[in-house]
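Have a look at the structure below, then the notes.
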Amino acid sequence: MVRYLGRKIFIYLLTFFVAVTIDWLIPRFMPGDPIGMLLSRIGSRPEAFKYLYTYYVQAFQLDVPLWQQYVNFWKGLFQGDLGVSIWMYPQPVMTIIRRAIPYDIFLLLPAILLSWFAGNHVGALAARIRWLDNTILPLGYLLTATPYMWLALVLVWFLGNQTNLFPIAGAYSPQYRPHLSLTFILDVLHHWFLPFLSLFLVMFGGWAIGMRNMIIYELESDYSRYLEALGTPQYLIRRYAFRNAMLPQITGLALQLGGIVAGAVATEVVFAYPGIGYIILNAVQNKDYFLVQGCFLFIILGVLIANFLIDLVYVLVDPRTRLGMTGE
Amino acid sequence: MLQVENLTVYYKTIRGYVQALEQATFKIADGEIMGLAGESGCGKTTLGHSLIYLRPPMNYIGGRVVLDGQELPIWDMEKMREFRYRHVSLIPQYAMNALNPTRKIGRMIAELLESRGVNYNDVLPELKRRLDLVQLTHDVLKMYPIELSGGMKQRTVMVVSTLLNPSLLIADEITSALDVSTQKAVCEMLVEFRDRGFVKSTIIITHDISILYQIADSILVMYAGQLSEKAPSEIIFRDARHPYTRLLIGSLPKVGVRYREERLRGIPGSPPQLLNPPPGCRFRERCPVAFDRCVEVPPFLEISPGHFVACWRAY
């Protein structure tokens, strides 16, 4: 067990190192000049521009050699300092991300968990009820094949634009400041519903189809047939099949949860929802090295932590993994 | 005592019925181990499974199955449920994969028994005795199937399948995936189970006739969905009357013959399509002694006590 965990942790640390290095490299490969873009927004006179340019290049430490920038980046990382955003100068990257992440979790966590739960159960039912299968299967394929932003646009059009049932942008109405009151909470939920629904529907389709296929596979497997030949009632066979069919779904859930930090870039852009996805788009457009880096760092962390947790969960739920550890 | 009368089972396909089992009539006495032999696709598995687990694409066409004086509702999957395991049980071909991989074996057995209204703790002492009998430690109850070797899984399944002392046990190709020494052990266990009264009648489905010679009291040979011959094992090997049985026995390798010098004999030709089989005896295309009469189906007649043959040349 200790050896197994040790090995896993080592592999995760190595992956983290490589991923973060790539994360540092990629924004710097982008064409364009972030400082130039920052200054063009300020719109100063030419002589001031030159002076400010040198000032900012120094302030962001972009004048030192690349290897030094890389070392500085790691140093800062260990102190929890991800630098200062260029786009939202002079706010620290950490502050921006910390402000955005709750929106992602608030949006994605319910969407992922509820769609997973509902999808698994509806899929399992569809595996044995003919009429449900005939409706859920095509619907599921349709939903899961739908691009998130397309469904989001359709929802915005019908439920926002045409019927005015729901607001179409932002996390709350602009006249409010975030505070704790019933009206504000209702307003937040009102804004939250459409992006949530668009994510939920697409994910639901995928889960339901996956579960339906897995259950059918399990019900056709040898252990199910054996139990049936021994006259076991259906409820027991189904219980076994459901449990075994859940294993791949748990992996899928973990991968989805890993993407929780930035799993909804398209959706957040459509709804102008102020999560990490929305920030990434702006950071990229503004060549904001530090912000892009910071966002991706959190994505990397999310994916790795989720994978690690799932490795642990598998040890608990699947005896084959648990027993395989000693045989390594 | 198992009586099968005119049992006919077809497979439903989009091109029509595949006539896999035609008018099977035979008896198995209490304590009899009957081997069911024939080449692939001859209907032996269809026959075996139809006695316990007749489900689509298998279609019940007609016939009766009477076990210990009680007719089995084999055409009704739900009504049959009650008879499975308690009266008719199965050791499946896939015994290696027959146990749920994510349940401990003891717990799986407990859940299986409880679902059939049997208290696990009542049966546990007997279960342990039987594990001893097949030389498995009691620890297998605390293990997952993955922790067992193939042979151990096979023996576990044998114990599980016979735990409720069924009247009829169907052992489907249970030696196919085993090495020779394990095959012998498994066969001896089946005899042991019979001798100890765990099961009354046993049907061993196999394409390996030489195994039957060692353990079966009688052998039923099938060809292309029809019964060819049933007789005590000695007679099948020494004095078979159906040309197919003779050729089948004749094509077995013999001890002391070098097959480098003498070619191993086979039966020329191949079995007919069962989708639209030719009328009459289905072996007649390959039969060396076929004649005009063979276009009629030969009845399965008892030509001497316990020796049944379906061949116009044999009566």
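Figures for the structure shown
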{"read-out": "Environment charge at B:PHE83 (Cβ cut-off 12 Å; Lys +1, Arg +1, Asp -1, Glu -1)", "value": "0"}
{"read-out": "Angle in degrees between helix B:105-115 and the longest Cα principal axis of chain B, rounded to the nearest 10", "value": "80"}
{"read-out": "Calculated FRET efficiency for the pair A:LEU125/B:ILE146, C-beta based, R₀ 25 Å, to 0.05", "value": "0.25"}
{"read-out": "Qualifying trypsin sites (Lys or Arg not before Pro) for the range B:193-280 [loop in DSSP, other Cβ within 10 Å: at most 13]", "value": "B:ARG196, B:LYS254, B:ARG258, B:ARG260, B:ARG263, B:ARG265"}
{"read-out": "Solvent-accessible area buried by B and A, counting both chains, probe 1.4 angstrom, square angstrom", "value": "2500"}
{"read-out": "Value at 222 nm in deg cm²/dmol, rounded to 500, when DSSP H runs of n ≥ 4 in the protein assembly as shown each add -39,500 (n - 2.57)", "value": "-17000 deg cm²/dmol"}
{"read-out": "Per-pair calculated FRET efficiency, R0 = 56 Å: B:ARG129 and A:TYR217 via Cβ, rounded to 0.05", "value": "0.90"}
{"read-out": "Two-site label geometry, B:ARG293 and B:ALA185: point separation in nm, points 7 Å out along Cα→Cβ", "value": "5.0"}
{"read-out": "11 Å beta-carbon shell around B:SER251, net charge (K/R +1, D/E -1)", "value": "+3"}
{"read-out": "Reach of A:LYS287 by Cα under 28 Å, taken over lysines that are not fewer than 8 positions away in the same chain", "value": "A:LYS50, A:LYS75"}
{"read-out": "Over chain B, relative contact order from alpha-carbon pairs under 8 Å, at least 6 apart, %", "value": "21"}
{"read-out": "Förster radius 60 Å - calculated FRET efficiency between B:HIS207 and A:LEU14 (Cβ-Cβ, nearest 0.05)", "value": "0.65"}
{"read-out": "Long-range HN-HN contacts of B:GLN23 with modeled amide H, under 5 Å", "value": "B:THR8, B:VAL9"}
{"read-out": "Residues with amide H under 5 Å from that of B:ASN59, placed H, sequence gap 5 or more", "value": "B:TYR10, B:TYR11, B:LYS12"}
{"read-out": "Local electrostatic count, B:LEU36, Cβ distance below 14 Å [Lys/Arg +1, Asp/Glu -1]", "value": "-4"}
{"read-out": "Longest DSSP-loop-exposure-free segment, GluC sites (Glu not before Pro), chain B, at most 10 other Cβ within 10 Å", "value": "B:1-260"}
{"read-out": "Length-normalised contact order of the range A:99-317 in % [C-alpha pairs under 8 Å, at least 6 apart]", "value": "29"}
{"read-out": "Percent of alpha-carbon pairs separated by more than 48 Å within the protein assembly as shown", "value": "40"}
{"read-out": "Most to least accessible of A:LEU142, A:LEU25, A:LEU180, A:LEU219 (protein chains only, probe 1.4 Å)", "value": "A:LEU180, A:LEU142, A:LEU25, A:LEU219"}
{"read-out": "Entries of B:LYS27/B:LYS79; B:LYS44/B:LYS153; B:LYS128/B:LYS254; B:LYS44/B:LYS104 with Cα pairs more than 29 Å apart", "value": "B:LYS128/B:LYS254; B:LYS44/B:LYS104"}
{"read-out": "Selected from B:VAL180, B:VAL157, B:VAL199 as most flexible by GNM, with chain B as the system and alpha-carbon contacts under 10 Å", "value": "B:VAL180"}
{"read-out": "Probe 1.4 Å - accessible area at B:SER89, Å² to nearest ten", "value": "0"}
{"read-out": "When the range A:9-56 is reduced to its Cα atoms, the Kirkwood hydrodynamic radius in Å", "value": "13.3"}
{"read-out": "Fraction of antiparallel bridges per DSSP, chain B only, in percent to nearest 5", "value": "60"}
{"read-out": "Cα long-axis angle, helix B:150-161 against chain B (0 to 90 degrees, to the nearest 10)", "value": "90"}
{"read-out": "Angle in degrees between helix A:2-29 and the longest Cα principal axis of chain A, rounded to the nearest 10", "value": "40"}
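The values are calculated or read from the model by the stated rules, or taken from the named source; none is laboratory data. Please read all numbers here as calculations on a predicted model, not as lab measurements. Heads up, the Cβs are rebuilt from the backbone with ideal geometry, glycines too, and the neighbour counts pull from every protein chain shown. Surface accessibility is based on the protein's heavy atoms, side chains included, excluding ligands, DNA and RNA. Shrake-Rupley method; radii C 1.70, N 1.55, O 1.52, S 1.80 Å.
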